[in-house]
Amino acid sequence: PTSSARHESSKFVLLGSGDHQTPIWPRLLAGALRDASQPLCATNLPAPSETFVGRQVLMSRAVAALLHGRKRYVCLVGAGGIGKTALALAVAHYVRLRHAFPDGVHHVDCSGLSSSLQLAYALAAALSLQLVGPGEEQVREELIGALAPRRLLIVVDRCDELAEARRAGG
């Protein structure tokens, strides 16, 4: 193939077993996928990476866990620098374009956070929520109340830093 064809084919991600026969979305009803050219849900995700390659199996597993496994959360763990954030964001963009979470797909970076109250406010900011509670318990209840009726995906990034800050603080 020409270099132009290789460049174009590099823009696609193959999910499933790679045999082109395995359905990626075996349990979705007809009409469950809509036009992906017009994303419907709100987002604050960073722009997708143009160089995300080689993790199709992991991406497929994460997407399957979120959509088919009906998991309330999927945790990506591993050593620093192996691409957990890149994988999480690629999955978030993928499911967003398939309208899997109609109330939004959002990203929250926990870098620099040192308490659960700061996390609650970071979540609220990412979701454009106004929290008015005076104390940590009230803020938590407000946040839970605002999130409970929604179908959304929140990528909470760098949680390990928050956990380390809490351990160091007592």
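The values are calculated or read from the model by the stated rules, or taken from the named source; none is laboratory data. As the structure is a computational prediction, the values presented were derived from the model and not from experiment. Note that each Cβ is placed from the backbone with ideal geometry, even for glycine, and that neighbours are counted across all protein chains shown. Note: accessible area is taken over every heavy atom of the protein model, side chains too, but ligands, DNA and RNA are not part of it. Shrake-Rupley method; radii C 1.70, N 1.55, O 1.52, S 1.80 Å.
Figures for the structure shown
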| item | result |
| --- | --- |
| Complete set of residues in region 90-122 that are part of a helix (DSSP H, G or I), under 21 Å from Ser60 (Cα atoms) and of a type in the set (Phe, Trp, Tyr) | Tyr94 |
| Selection count, region 123-169, where residues are part of a helix (DSSP H, G or I) and among the polar types (S, T, N, Q) | 1 |
| Close pairs from region 133-151: first more than 21 Å from Arg96 (Cβ to Cβ) and open to solvent by 90 Å² or more (accessible area, probe 1.4 Å), partner at pLDDT below 90 and outside any loop (DSSP other than H, G, I, E, B), Cβ under 8 Å, at least 6 apart | Arg140/Ser116 |
| Residue satisfying condition, being under 19 Å from Val156 (Cβ atoms), at pLDDT 90 or above and either outside any helix (DSSP H, G or I) or of a type outside the set (Ser, Thr, Tyr) (or both), within set Leu87, Leu66, Leu58 | Leu87 |
| Residue check, Ser115 open to solvent by 70 Å² or more (accessible area, probe 1.4 Å) and either modelled with pLDDT of 90 or more or closer than 25 Å to Glu164 by Cα (or both) | no |
